[in-house]
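The values are calculated or read from the model by the stated rules, or taken from the named source; none is laboratory data. Being a predicted model, the structure only gives us computed values, none of them experimental. Cβ sites come from the backbone with ideal geometry, for glycine too, and all protein chains shown count toward neighbours.
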Amino acid sequence: MSPLTVEAVREALRPIQDPEIFISIVDLGLIRAIEVSPDATKVKVTMTLTTPFCPEGPMIVEAVNETLRALPGVHEAEVDLQWNPPWDPRKEASEEVRAELGIWD
């Protein structure tokens, strides 16, 4: 079994969607940082939401937590929710998502 990598964690999180706009939280740029311990038993994800008032926020955070805990070999998962700086789709969302949302530079 290969060691857990940041990219593997990112790909595991990709299927999680913002339930209001049906776009991956990874593609939206809501995942700000991923840390994997050297022994790959602990994973920490720093993320934000589209707005602090997101009614689906608790559900999204729990989905991230569940996904992290389900990764092979992971014994400890942490989700750190950050609001500063506020989410900015012009900087954080993928080019495809910006186009889908009608955000042009």
query: For segment 1-49, what are the residues that are among the charged types (D, E, K, R) and under 8 Å from the mean Cα position of the chain (by Cα)?
result: Arg10, Arg14, Arg32
- request: Give the residues of segment 17-33 that are surrounded by fewer than 19 Cβ atoms within 10 Å (Cβ to Cβ) and under 21 Å from Val74 (Cα atoms), sorted by residue number.
  value: Arg32, Ala33
query: List pairs: first in segment 78-99 and within 15 Å of Cys54 (Cα to Cα), second modelled with pLDDT of 95 or more, Cβ under 6 Å, 6+ apart or cross-chain?
result: Gln82/Thr46; Gln82/Thr48; Trp87/Thr48
query: Only one of these conditions is not met by Ile34: (1) free of Cβ contacts under 8 Å to residues at least 24 places away in the same chain; (2) touching a strand residue (DSSP E or B) at 6+ places or on another chain (Cβ under 7 Å). Which number is it?
result: (1)
- request: Pick out the one residue from Pro3, Pro52 that is closer than 23 Å to Ile103 by Cα, of a type outside the set (A, V, I, L, M), out of contact with any Cys (no Cβ under 9 Å at 6 or more places or on another chain) and surrounded by fewer than 17 Cβ atoms within 10 Å (Cβ to Cβ).
  value: Pro52
field: Members of segment 20-66 that are under 14 Å from Val6 (Cβ atoms) and polar (S, T, N, Q)
entry: Ser37, Thr46
- request: Report yes if Arg98 is of a type in the set (Lys, Arg) and buried (at least 16 other Cβ atoms within 10 Å of the Cβ), otherwise no.
  value: yes
